[in-house]
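One structure is given below, encoded as structure tokens.
Nothing in this text is a laboratory measurement; each read-out follows from the coordinates by a stated rule. The structure presented is a predicted model; accordingly, all values stated were derived computationally and were not measured. With ideal geometry, Cβ positions are generated from the backbone for all residues, glycine too; neighbour counts draw on all protein chains shown.
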Amino acid sequence: MTDTAAAPATGSAPARWNDYVVLLKPRVMSLVVFTAFTGLICARTPMSPTLAFVAVLCIAVGAGAAGALNMWYDSDIDGLMRRTRARPIPMGKVQAADALGLGVVLSLLSVMMMGLAANWLAAGLLAFTILFYVVIYTMWLKRSTPQNIVIGGASGALPPVIGWAAATGHAPPNAWLLFLIIFLWTPPHSWALALYTAGDYAKAGVPMMPVAKGAASTRRQILLYSLAFVPVAIAPSFTGLGGPLYLAVSGLGGLMFLLLATRLMRSGSGEADGAQDGLYSVKAGSKDARNLFAFSILYLTLLFAALLAEHALGLAPLVQGLKGLS
């Protein structure tokens, strides 16, 4: 099937409610909510369940708003890529102006609600996260530099800090350690995906690392970032944030992460467009990239689940935290 034949039609039936839900990027939102809630619980500060729910809801709405604004701005290139061409705007189900309006309204609503329900530090961090993702990453970095996902990853790493700030009114070093975990996780996770979707990015003119620097360079950088990421992922075990469960999960999972990153570096992933229809359906030569991408999601989920379980159950940390970290 040619790209022309695959191009989505416009002017279709009026949008349904679920088309607007898709604009909010619910899969991304679910990870944002999970990490933000973990940050809130790790703060170990008593908080009304109602206020905690509202704070997490505000973060979810803010993430959805950023997603809608991202789809509004990127609608021109979304229609060119297999992974994104079925989104509501390229498909003609939602008008770009409607997505813009939804994103702006939800952004303002989420920030104001956070400030009134929790505190203005959390609201300010939420506002910064939305602006950074939309303006700095989407409008500037994404189309101008192969470091787009490295710098832009800061927006996706902030939710646990926002959750912690919502509970306590401040953001101590342990909150920023959670930020650093997600920040260093983002490049190997995103570049693994980019290795087998590089053809799409090239077609759309997006300078993702495999397009700008080549597959071999990308695979090496994935390994280097993985070597930096795994020790940081284990670090909460020694700052009073994580306990024995967290140490086991982060240590064993980290070894698997490094094994998959090493196998990826030695593979030929990304030398040709290995993507097929479907996020996890790839050609044989790109399976190592797909495997790291898939495991990276599982590993990050397990890291935060372990922290959440330990703190929710009131389990003692592995070691006494350094003064001022929490």
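Radius of gyration (Cα atoms) of the stretch 172-326, expressed as a multiple of 2.2 N^0.38 Å: 1.15. The gain in end-to-end length when the L259 to M47 segment is fully stretched comes to 72.3 nm, 0.36 nm per residue minus the alpha carbon separation.
Indicate the helices, whole DSSP H runs only, in the chain that combine a mean Kyte-Doolittle hydropathy of 0.0 or more with a Cα extent along their long axis of 15 angstrom or more.
On the way: long enough: 26-42 (24 Å, 1.64); 49-73 (36 Å, 1.56); 96-117 (31 Å, 1.91); 120-131 (16 Å, 2.16); 173-195 (34 Å, 1.18); 215-234 (28 Å, 1.06); 244-266 (33 Å, 1.31); 287-312 (37 Å, 0.98).
Long hydrophobic helices here: 26-42, 49-73, 96-117, 120-131, 173-195, 215-234, 244-266, 287-312.
Tell me whether the stretch 72-148 comes out rounded, prolate or oblate; compute the Cα gyration tensor, take square roots of the eigenvalues as a ≥ b ≥ c, and use a/c under 1.5 as the rounded threshold. Oblate, because a/c is 1.5 or more while a/b does not exceed b/c. Computed over the stretch 16-170, the percent of Cα pairs more than 22 Å apart is 39.
What residues from the stretch 15-46 fall in the zone where the backbone N is under 16 Å from a label point 7 Å along the Cα-to-C-beta line of L109? Of the residues in the stretch 15-46, 17-26 have backbone N under 16 Å from the label point off L109. Testing the spin-label approximation: label points 7 Å from Cα along Cα→Cβ at E271 and F238. State their distance in nm. Calculated label separation equals 3.9 nm.
Peptides 61-67, 14-20, 198-204, 92-98 ordered by packing proxy, namely the average of other Cβ atoms within 10 Å per residue, highest first: 61-67, 198-204, 92-98, 14-20.
A protection proxy built from the mean count of other Cβ atoms within 10 Å ranks the segments 259-269, 48-58, most packed first, as 259-269, 48-58.
Computed from the C-beta positions of D76 and A305, the FRET efficiency with R₀ = 30 Å rounds to 0.20.
Students often check this: by mean Cβ neighbours within 10 Å, which of 220-229, 121-130 ranks highest, and how do the rest follow? Let's see the in-between values first.
Details: 220-229: 19.8, 121-130: 22.2.
Peptide ranking by packing, descending: 121-130, 220-229.
Here the gap between F128 and A312, fully extended at 0.36 nm per residue and compared with their Cα-Cα distance, gives a gain of 63.4 nm. Number of Lys-Lys pairs in the chain with C-alpha atoms under 16 Å apart and a separation of 8 or more places or on different chains: 4.
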